[in-house]
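Every read-out reported here was derived from the displayed coordinates using simple, explicitly stated rules and does not represent laboratory data. Here the structure is a predicted model, which means the values were calculated and not measured. In this analysis, Cβ positions are derived from the backbone assuming ideal geometry, glycine residues included, and neighbour counts consider all displayed protein chains.
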Amino acid sequence: MNKKFALIIEDDVGQSIVFAEALKAGGFETEIIRDGQVATQRLSAVTPEIIVLDLHLPHVAGLDILRQIHADDRLAETRVIVATADAVLAKELREQADLVLVKPISFKQLRDLAVRMGSATLDE
Amino acid sequence: MSNQQTRYPGDILIVDDKPANLRLLSQMLLEHGHTVRAVINGARALASVRTALPDLILLDIKMPEMNGYEACKRLKADPQTRDVPVIFISALGETEDKVKAFTAGGVDYITKPFQIEEVLARVEIHLGLRNLQKKLERTNEDLAQQRDTLDTVLCNVADGLVFTNPAGEIMLANPAFGRIPLDPPEQLEGTALSQILPLAELLDIVSDALQSQGSVHTVDVTLPDQRIFRASACGLCHDGQPVTGVVTILRDITHDVEVDRMKTNFVSMVSHDLRTPLGVILGFTEMLETGVYGPLSDKQQGALQHIVTSVKRQLNLVNNLLDQARIETGQLSPEIALFGPATLVKETLNDIGILAQGSGLELSSHIADDVPTTLFGDRQRLHQVLSNLVDNAIKFTKQGSVIVRVYLPDESHWALAVSDTGPGIPIEAQAYVFDPFRQIDNSITREHVGVGLGLSIVEQLVTLMGGEITLESKVGQGSTFTVVLPLVTQIQEEAS
């Protein structure tokens, strides 16, 4: 059986690796995209189980990508984890994402979360 | 003859062509305390008056060369001399002569032969009147000067100032106010304020001020051209009478608001850019710690602990800066949720406790038995408050102990106290220990580098959470910071 797929949209190299490792520990296959525009194109081709979305991206704003995800029926089942360093923005976005994490995000916390999400999706 | 001294000693000019009359009048007036000049005709009288103005003139009518009427007319025609009162003294007793004298500008008329008492009495009255007149003139001048000063001040005040009556009509406005409306009318006075500046918030505070004398009502208003003004309205009352009108001051704060916004943006951006790399360091450290990249030796684990602690401290500093910016712009509000006070203390001490390791400093905590296991509060902010206080205590305490205590000072409050055995804070420094960007003394600052935001943030966060922070300290005997917060064990359902 294929591994569940997680797409990480994050422009900071180090941060994207931390996200990827945490998700891998949860049994996900990961792909990292560091540019908003590339992310927009890629999202029309793949159907990830989880998207980790940084809101602070070059070229296309994270909020626009979030809107694109919501507008696409194909991605209706996709869980979106928004990552932002802005606590005020995080509060405003609670309704629009499955989970909003405020940076700095603990590796252990995200890993534990990924493990739970991974097993939950496998059980379905 | 009365020897009583005059109440109004004056400089009196006597004009008479008969030396005997001059002598008699002079002597009499001198005896009563006046100063006297005596001349023998109208021309000399005019010359004398122009040299120095007398307070009163006693003027004969029938004189050679220039008679009394003519002399009087000339004095009254000259603005310099027309205010000097002239009393005619003449042997001419017909009503016609008297009328002529008054028409020429005389204030009184005494017929010869005169009674000395009558002359003295009339001189006294007219000097008194002249005195009163001079006083009035001076008062008027003073008033005019005061008005000029007030006008100058009003005209040069940079803020717009407007006084409106209870009906909302402008009674008075300075030029700066006139420059505020985009399309000001030619005549401000008498026009309704609502017509010139139709801004609901502004009109609201003006009518609020009308209801409450003395208190100042303030609001920021934005004009259609995006200029921002801070309006302060105050109802005027006079001698306990009801409010007679409202004075409103409008200050252009467009620039200040812009600077504030830029400052907030700058701090937010800097904080964001500082937090991101710290988050990555923390992430990789945790990955190493949890063995993602293979097992580590004990020494390596220990080294990682130091990295984690330092990064968390650094994060705390950045969070302080970010919060300072948010508090200044009113963007920070507490997030209330259930948390365990014991866990809060344990976690905080775990995070920064390593700082005390190896220094011989004893770090401990004590939770009183009656403290509930769970409370409502903003866990993250409380963690920040406690971190700052403990971090501070460790920073300034070379040896001894740092103790965190949680207890209930009364039924409706819980307290979080951090005590240390550090150097203590001098009384005079305790007053400003919570001021931002300030540390208690320069010698300490050099030894303990910091931005001086910790305690200021702590106080602001505590205030935000509805609590209070107090400091108890004596030089040489350590310090105790106590945070007292409202005790909330259950949140009441809001009536819907």
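Report the relative contact order of segment B:103-223, percent, no decimals, based on alpha-carbon pairs under 8 angstrom and at least 6 residues apart.
13
In peptide B:37-44, how many Cβ atoms from other protein chains are near each Cβ within 10 Å, on average?
Going residue by residue through B:37-44 and averaging, the value is 0.
Could you tally the net charge around B:GLY235, taking each other residue with its Cβ under 15 Å from the Cβ of B:GLY235, Lys/Arg +1 and Asp/Glu -1? Walk me through the numbers on the way to the answer.
Numbers: positive: none; negative: B:ASP204, B:ASP208, B:ASP239.
Net local charge, B:GLY235 excluded: -3.
With an 8 Å Cα cut-off and a minimum separation of 6 or more residues, compute the relative contact order for segment B:262-398 in percent.
27
Which of the DSSP-defined H helices in chain B satisfy a minimum axial length of 27 Å, computed from C-alpha atoms, and a minimum mean Kyte-Doolittle hydropathy of 0.0?
Sorted by number, the helices that extend far enough and score high enough are B:254-289.
For A:ALA85, what residues show an amide H to amide H distance below 5 Å, using hydrogens built from the backbone and excluding near sequence neighbours?
Long-range HN contacts for A:ALA85: A:LYS103.
Mind checking which aspartates and glutamates have their Cα closer than 17 Å to the Cα of A:LYS108? Skip sequence neighbours fewer than 8 apart in that chain.
A:GLU21, B:GLU286, B:GLU289, B:GLU347, B:ASP351
What helices does chain A have that are whole DSSP H segments, at least 15 Å long along their own axis by Cα, and with mean Kyte-Doolittle hydropathy of 0.5 or more?
The qualifying helices are A:13-25.
Find how many whole Å separate the alpha carbon centroid of segment B:220-297 from the alpha carbon centroid of segment B:18-73.
Taking the Cα centre of segment B:220-297 as reference, the centre of segment B:18-73 is 82 Å away.
Quick check: convex hull of the Cα atoms in the protein assembly as shown, volume per residue, rounded to a whole Å³?
Roughly 314 Å³ of hull volume per residue.
How far is the Cα center of segment A:10-45 from the Cα center of segment B:401-415, in Å?
One Cα centre to the other: 46 Å.
Please order B:GLU289, B:GLU137, A:GLU21 by the number of other Cβ within 10 Å, starting at the fewest. Show your work: numbers first, answer last.
Details: B:GLU289 18, B:GLU137 11, A:GLU21 22.
Result, fewest neighbours first: B:GLU137, B:GLU289, A:GLU21.
Which residues in segment B:35-69 place their backbone N less than 12 Å from a point set 7 Å from the Cα of B:ASN131 along the Cα-to-Cβ direction?
Output list for this probe position: empty.
Setting aside same-chain residues fewer than 8 positions from B:LYS62, which aspartates and glutamates have a Cα under 18 Å from its Cα?
List returned: B:ASP16, B:ASP17, B:GLU70, B:GLU94, B:GLU96, B:ASP97, B:ASP108.
Take the alpha carbon gyration tensor of chain A, find the square roots of its eigenvalues, order them as a ≥ b ≥ c, and report rounded if a/c is under 1.5; if not, report prolate when a/b exceeds b/c, else oblate. Walk me through the intermediate numbers first.
Working: a/c = 1.38, a/b = 1.16, b/c = 1.19.
The shape class here is rounded.
How big is the charge dipole of the protein assembly as shown about its Cα centre, in debye rounded to the nearest 20, if each Lys and Arg gets +1 on its Cβ and each Asp and Glu gets -1 on its Cβ?
It works out to roughly 1800 debye.
Could you tell me which of the pairs A:LYS3/A:LYS91; A:LYS4/B:LYS312; B:LYS395/B:LYS474; A:LYS4/A:LYS91 are separated by over 24 angstrom between their Cα atoms in the structure shown?
Flagged as over cut-off: A:LYS3/A:LYS91; A:LYS4/B:LYS312; A:LYS4/A:LYS91.
What does the extension gain come out to for B:THR470 and B:GLU335, with contour length at 0.36 nm per residue minus their alpha carbon separation?
46.3 nm
Counting other beta carbons within 10 Å of each Cβ, put B:ARG82, A:ARG111 in order, fewest first.
Starting with the residue having the fewest Cβ neighbours, the order is B:ARG82, A:ARG111.
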